[in-house]
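Comments concern the structure below.
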Amino acid sequence: MIPQDLASVSPALTRYARDTLLFGLWKRPGLSRRDRAVITVAALIARNQAGELPFYMNYALDHGVQPRELSEIITHLSFYAGWGNGITAAQVAAKIFAERSIGADQLPPASPSLLPIDQAAEDRRARTVEETVGSVSPGLVKDTGEVLFRDLWRRPDLAARDRSMVTVVALISNGQVQQMPFHLSRAMDNGLSRDEASELVSHVAYYAGWPAAFSSVSVVKGVFDAARK
Amino acid sequence: MIPQDLASVSPALTRYARDTLLFGLWKRPGLSRRDRAVITVAALIARNQAGELPFYMNYALDHGVQPRELSEIITHLSFYAGWGNGITAAQVAAKIFAERSIGADQLPPASPSLLPIDQAAEDRRARTVEETVGSVSPGLVKDTGEVLFRDLWRRPDLAARDRSMVTVVALISNGQVQQMPFHLSRAMDNGLSRDEASELVSHVAYYAGWPAAFSSVSVVKGVFDAARK
Amino acid sequence: MIPQDLASVSPALTRYARDTLLFGLWKRPGLSRRDRAVITVAALIARNQAGELPFYMNYALDHGVQPRELSEIITHLSFYAGWGNGITAAQVAAKIFAERSIGADQLPPASPSLLPIDQAAEDRRARTVEETVGSVSPGLVKDTGEVLFRDLWRRPDLAARDRSMVTVVALISNGQVQQMPFHLSRAMDNGLSRDEASELVSHVAYYAGWPAAFSSVSVVKGVFDAARK
């Protein structure tokens, strides 16, 4: 977390790394360390920052994230942050898994039994996407249903709450706030508490930059207000 | 397209790479393989993903993209995605061109005879930019005319349709949808069909991430609706 | 500025590098070379383009940017562009500082005496952030005050005008225009002239891509119009 180079360029960064991040942000309540690790890894994958990934992937594995969960986070973000981001993350993880002797038996199968689907909710989602996207890109409508919501999202080795959480982190990190209302509502339906979502925004500010966090605020507010009704 | 590391981290990614991308997306109608290669290379350059570029640049050259076209795509995106992105892409291409013994005789000259200009359309464009940008940044107005529209866009070694296509891909990939109406209309005027544009959105979803594609949908719809009138 | 690889891929890029950038953009009035170097380094850090950083960091140090200023730019953008961007930039700078024998005595201390604060302005800022962000993320409100405005922004080794300038560059470069009104007004209050801001937009177009510059135009116009009243 505190590379040696920092001190020879910015003693202040060393101080912030230690006091503000390590003994500040990462120790405060609102989110478990395990969740902070998941959020940080997701932000780094979403922004394709391979340099920082080894430290935080190892940290995640040391603080309760299972290899199968990390595998699924990478798979999930290959679609929500872009294929190349997934490949980059997989290459970093491959080294770490080898170092830790994490073998195929600890990985999710390519085609597991999928979680049951909430057909009414899926029908609503499919109808909305058909209405908004159907006349623009039938291919996108088809893939969103077949590849993402009827396959990827139903894979069992990452909890729905965590899957939603990394999706929301990717959206904030890449400034794609348009899709936040759907995914943050879904995250809260899937068990992310309001306090956790609040602190998630604040944690992401450090790893995706302050402006990304601030740009998400009005959208998060809209979801919180709607949830209260 | 399927790095070996994938299997040791995510057997699912290997399955998606093969079934969903290689034997799915890349084989479906709507866009030629050559166009898919151009679009993918453009998305990777726009997002500065050097790791994936060698595979897809080689794929492009193997599927009908000429070296002079690849050269122009890099030159064009140096302005539409940022100078550093162009340099990164040129460094990757330099190795590939050397391996394939592609020499200077296959490259576009630095200063070729430029394509004729549609003076009425250029006058309209210049007037609009002067009205919207003139009071903010005279330098940007000047460079947009002199460097881009009266020079770069008139270079003959990349078809106007392809030049527009990579511009649109860069805008979607980087979430810069504000400039989409102008450039997507121009792409369609330059010969990109509506069906190709539809499938382009869907192809880009994989390489720039789903949220980028979804964020472009309402803008694409606006252009399609206007074109229908 | 002109890597050798360019010529073997795009003779045009070599021409643009020389005529349009080196003997064009970088020599024109509106901004000093020193400011252009600061802006370019900020754009590259904001976009995490490590490959281009060594050239421009050296150029900055050769054209009037002090090591302590470069150190502070990196520290500042660690928050405004993301922690990983700061680490990447620090790693590049560490090599350059070692090559130039820039030692600890030339770096800003971790905890210097902070600049005095304009309490009325800070109270206004804190009130606005509390009103807009307080119900969404108390952690973000707290850190924005404690870490950024009552600490980072008051560090003395980078002029307030330069600190604002690199913040604005980061916002344009990453398409985060929502926060531009506050930070561009602040930049102008801190001494960035209107002509300098105009030319900044035009300079950033080259290094962050044309679409990023164009997307900032309407927001910059709003700030200019408000300042004129």
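The values are calculated or read from the model by the stated rules, or taken from the named source; none is laboratory data. If you're wondering where the values come from, they're calculated on a predicted model, not measured in any experiment. Neighbour counts are summed over all protein chains in view; Cβ atoms, including those assigned to glycine, are modelled from backbone coordinates with ideal geometry.
Among the criteria (1) farther than 21 Å from A:R186 by Cβ; (2) at pLDDT 95 or above; (3) not charged (D, E, K, R), the one A:G51 does not fulfil is (2). The residue list B:A81, B:A98, B:A93 contains one member that is surrounded by fewer than 16 Cβ atoms within 10 Å (Cβ to Cβ), hydrophobic (A, V, I, L, M, F, W, C) and either in contact with a helix residue (DSSP H, G or I) (Cβ under 6 Å, 6 or more places away or on another chain) or farther than 27 Å from C:I45 by Cα (or both), which is B:A98.
Looking only at residues of the stretch C:163-208 that are free of Cβ contacts under 8 Å to residues at least 12 places away in the same chain and not in a helix (DSSP H, G or I), we find that the one that is surrounded by the fewest Cβ atoms within 10 Å (Cβ to Cβ) is C:S193.
Go through the residues of the stretch A:44-62 one by one and say whether even a single one is more than 13 Å from the chain's Cα centre (by Cα) and under 16 Å from B:P11 (Cα atoms). Within the stretch A:44-62, none of the residues are more than 13 Å from the chain's Cα centre (by Cα) and under 16 Å from B:P11 (Cα atoms). Checking B:D143, B:D162 one by one, the residue that is in the same structural domain as B:Q49 (by TED's automatic domain parsing) and of a type in the set (D, E, K, R) is B:D162 and no other.
There is no residue in the stretch B:42-49 that is closer than 17 Å to B:Y206 by Cβ and more than 14 Å from chain A (Cβ to nearest Cβ). Checking every residue in the stretch A:142-151 against the condition of being without any contact (Cβ under 8 Å) to a residue 12 or more places away in the chain, under 30 Å from A:Q66 (Cα atoms), surrounded by 15 or more Cβ atoms within 10 Å (Cβ to Cβ) and out of contact with any Phe, Trp or Tyr (no Cβ under 7 Å at 6 or more places or on another chain) gives at least one match.
Exactly one residue among B:I39, B:I87 is free of Cβ contacts under 8 Å to residues at least 12 places away in the same chain, under 30 Å from A:I45 (Cα atoms) and outside any loop (DSSP other than H, G, I, E, B), and that residue is B:I87. Taking residues in the stretch C:112-136 that are touching a residue at least 24 places away in the same chain (Cβ under 8 Å), and partners anywhere that are not acidic (D, E), the pairs with Cβ atoms closer than 6 Å and at least 6 places apart or on different chains are C:P112/C:P156; C:L114/C:R154; C:L115/C:R154; C:L115/C:P156. Only a single criterion out of (1) at pLDDT 95 or above; (2) away from chain A (no Cβ under 14 Å) is not satisfied by B:A104, namely (1).
Could we say that A:S71 is in contact with a Pro (Cβ under 7 Å, 6 or more places away or on another chain), within 7 Å of another protein chain (Cβ to nearest Cβ) and of a type outside the set (V, I, T) here? In short, yes. One residue stands out in the stretch C:191-203 among those that are facing chain B (nearest Cβ under 9 Å) and not polar (S, T, N, Q): the one that is farthest from C:W26 (Cα to Cα), namely C:A197.
Residue under question is A:P156, and the condition is that it be outside any helix (DSSP H, G or I) and more than 9 Å from every other protein chain (Cβ to nearest Cβ); does it hold?
When the stated conditions are applied, A:P156 passes them.
Do the conditions hold for B:A12, that is, is it farther than 29 Å from C:N174 by Cβ, in contact (Cβ under 8 Å) with a residue 12 or more places away in the chain and within 9 Å of chain A (Cβ to nearest Cβ)? It is false that B:A12 is farther than 29 Å from C:N174 by Cβ, in contact (Cβ under 8 Å) with a residue 12 or more places away in the chain and within 9 Å of chain A (Cβ to nearest Cβ).
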